[in-house]
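Below you'll find the structure, written out as structure tokens, and then a few comments.
The values are calculated or read from the model by the stated rules, or taken from the named source; none is laboratory data. Not measured: the values here are computed from a predicted model. Positions of Cβ are backbone-derived with ideal geometry, glycine not excepted, and every protein chain shown enters the neighbour counts. The protein model used for the area step is the full one, side chains on, heavy atoms only, and it has no ligands, DNA or RNA in it. Shrake-Rupley method; radii C 1.70, N 1.55, O 1.52, S 1.80 Å.
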Amino acid sequence: MSAVIDAPSQNPGKTLVSLRNLNKHYGQFAAVDNISLDIQDGEFLTFLGSSGSGKSTTLSMLAGFETPSSGEILVGGQSLVSVPPHKRDIGMVFQRYSLFPHLSVRDNIAFPLAIRKLAAAERERRVDAMLKLVQLDTFAHRRPAQLSGGQQQRVAIARALVYEPRILLMDEPLGALDKKLREDLQDELRQLHRRLGITIVYVTHDQEEAMRLSQRIAIFSHGKIVGLGTGYDLYQNPPNAFVASFLGNSNFLKLKARGNGAALFEEQRLAIRLTAGLNHDQDVLLMVRPEKAQALSVAQAELEPLPQGWNQVAATVGEVLFLGESQTCSVVTAGGTAMTVKALSAAGMPLRSGDPVRVRWATADACVYTEWQASDLNKAAGAH
Ligand code: ADP
Ligand code: MG
């Protein structure tokens with residue numbers, strides 16, 4: 001493949017794109033609210049957020065379809081803001097394939113080269129290579145309507161890549177496809193990225209897709225980036241309660257700090273150990289992932305003393321759900337705090353609705369926040 005698209009000089013760790021204090025206002029409304037972000041050369045970075053959180057607007061400014069209200073976009077240190085879209089060395093793929101219905105697959109892919117007036121032989125060579133890359137060589141003469149949705153999207157990807165842009169932007173490109181096909185194309189995209197070494201900025205509202213594809217994820221909420229990092233880090237160590245709540249599932253306990261690495265769970269007059277020492281009387285939110293917590297029957301809890309460095313609260317089982325690979329158990333404390341515990345089915349969860357239980361977790365597996373809003377704990381909070 002490298003004979004056709006030269007992998008751009010791999011500068012791992014080097015910034016290719018910089019968004020600096022980028023804003024897009026519609027009247028009084030900030031669709032993009034002062035975003036600053038460095039995207040590295042060769043990186044696969046995903047904008048993840050609920051609908052309306054500002055992902056597409058940010059991508060459109062990078063592509064040149066929208067003009068920022070203020071702020072800078074730099075590529076390789078050069079400002080892009082006054083450069084028209086077709087001169088930006090950027091390819092773009094949308095959810096709707098926007099192929100030309102009257103042109104063959106081959107001519108659709110060749111189109112960007114035709115308008116760039118490439119010599120015919122070179123054009124043929126690149127289109128052939130693209131057809132191979134997206135595995136559509138045998139479909140070259142078909143019209144888009146004679147292809148499945150997944151094949152049409154592969155044509156759109158080939159068309160975006162054929163002029164060898166340095167950066168590929170993709171806005172929910174797999175959104176219209178069913179789950180199995182989406183997963184196949186996710187695998188293809190990962191391989192494509194690895195092979196070509198280009199920088200991909202990808203937009204999705206699907207966190208599993210973001211996790212599967214990306215080296216880093218930028219989490220969007222209300223026009224801002226509220227979390228940035230690898231999927232692993234954002235999940236294991238969310239920077240704030242919003243990210244904790246948005247990504248995966250989480251249990252939240254409201255506590256009062258006591259200032260000595262402990263806090264009070266007031267409803268049970270229970271001291272909870274914390275990793276951080278916080279000011280006395282400060283409100284604290286403790287977060288523990290369902291799979292990091294355990295639920296034990298009262299009898300079991302008496303047989304297995306609480307290990308050093310663990311916490312435990314009393315609760316009553318609401319529901320136990322068998323989900324195949326895993327099981328979940330929802331519980332509620334006497335004071336009405338709901339929690340969920342998740343375990344692999346193989347581990348067994350011999351609990352029933354109404355059972356009194358003890359919910360346990362290791363202090364090191366919990367995260368602690370001192371600033372949050374009630375809306376952060378609501379999963380849909382990223383949307384308007
Ligand atoms: P996302 O891609 O994350 O779903 P968008 O970037 O498309 O979100 O939109 C962000 C916000 O900006 C939304 O509330 C949307 O309604 C608003 N918005 C986008 N384009 C316009 C426009 N042309 N005029 C007014 N509001 C807009
Ligand atoms: Mg969008």
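Structural remarks
- Cross-chain or 6+ apart pairs with Cβ under 6 Å, segment 184-202 first and of a type in the set (Phe, Trp, Tyr), then open to solvent by less than 10 Å² (accessible area, probe 1.4 Å): Tyr202/Thr46; Tyr202/Met170
- Some residue of segment 173-187 being within 16 Å of ligand 2 (Cβ to nearest atom) and either open to solvent by 60 Å² or more (accessible area, probe 1.4 Å) or small (Gly, Ala, Ser) (or both): yes
- Residue within segment 182-190 that is modelled with pLDDT of 90 or more and under 19 Å from Pro85 (Cα atoms) present: no
- Condition met for Val201 (within 16 Å of ligand 1 (Cβ to nearest atom), among the β-branched types (Val, Ile, Thr) and under 24 Å from Met130 (Cα atoms)): yes
- Elements of type helices (runs of 4 or more DSSP H) in segment 46-160, at least 2 residues being more than 16 Å from ligand 1 (Cβ to nearest atom): 105-115, 120-133
Table: residues versus (1) open to solvent by 80 Å² or more (accessible area, probe 1.4 Å); (2) part of a loop (DSSP other than H, G, I, E, B).
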{"position": "Lys254", "(1), (2)": "yes, no"}
{"position": "Gly259", "(1), (2)": "no, yes"}
{"position": "Leu264", "(1), (2)": "no, no"}
{"position": "Glu267", "(1), (2)": "no, no"}
{"position": "Thr275", "(1), (2)": "yes, yes"}
{"position": "Asn279", "(1), (2)": "yes, yes"}
{"position": "Leu285", "(1), (2)": "no, no"}
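- When Leu16, Leu37 are checked against the criterion of being within 16 Å of ligand 1 (Cβ to nearest atom) and either open to solvent by less than 20 Å² (accessible area, probe 1.4 Å) or at pLDDT 95 or above (or both), a single residue qualifies: Leu37.
- Taken over segment 287-319, the residue count meeting the criterion of being part of a strand (DSSP E or B) and open to solvent by 20 Å² or more (accessible area, probe 1.4 Å) is 9.
- The set of residues from segment 57-80 being open to solvent by less than 50 Å² (accessible area, probe 1.4 Å) and within 16 Å of ligand 2 (Cβ to nearest atom) comprises Thr57, Thr58, Leu59, Ser60, Met61, Leu62, Ala63.
- With respect to the conditions (1) in contact with a strand residue (DSSP E or B) (Cβ under 9 Å, 6 or more places away or on another chain); (2) surrounded by fewer than 20 Cβ atoms within 10 Å (Cβ to Cβ), Phe242 lacks only one, and its number is (2).
- Among the residues listed as Ala263, Ala257, Ala218, Ala276, the single one being in the same structural domain as Ser51 (by TED's automatic domain parsing) and either more than 16 Å from ligand 1 (Cβ to nearest atom) or not acidic (Asp, Glu) (or both): Ala218
- Of the residues in segment 122-141, at least one is farther than 17 Å from Val105 by Cβ and open to solvent by 20 Å² or more (accessible area, probe 1.4 Å).
- Residues being without any contact (Cβ under 8 Å) to a residue 60 or more places away in the chain and either open to solvent by less than 50 Å² (accessible area, probe 1.4 Å) or not assigned by TED's automatic domain parsing to the domain that holds Leu62 (or both) - total across segment 142-172: 10
- Residues in segment 339-369 that are in contact (Cβ under 8 Å) with a residue 60 or more places away in the chain and of a type in the set (A, V, I, L, M, F, W, C): Met339, Val357, Val359, Trp361, Ala362, Ala364, Ala366, Cys367, Val368.
- Within segment 83-121, being open to solvent by 60 Å² or more (accessible area, probe 1.4 Å) and among the polar types (S, T, N, Q) holds for Gln95, Ser98.
- Selected residue (criterion: nearest to Tyr235 (Cα to Cα)) from residues of segment 349-367 that are assigned to a helix (DSSP H, G or I) and open to solvent by 50 Å² or more (accessible area, probe 1.4 Å): Asp365
- Of the criteria (1) at pLDDT 95 or above; (2) open to solvent by 20 Å² or more (accessible area, probe 1.4 Å); (3) on the phi > 0 side of the Ramachandran plot, which one Ile225 fails: (3)
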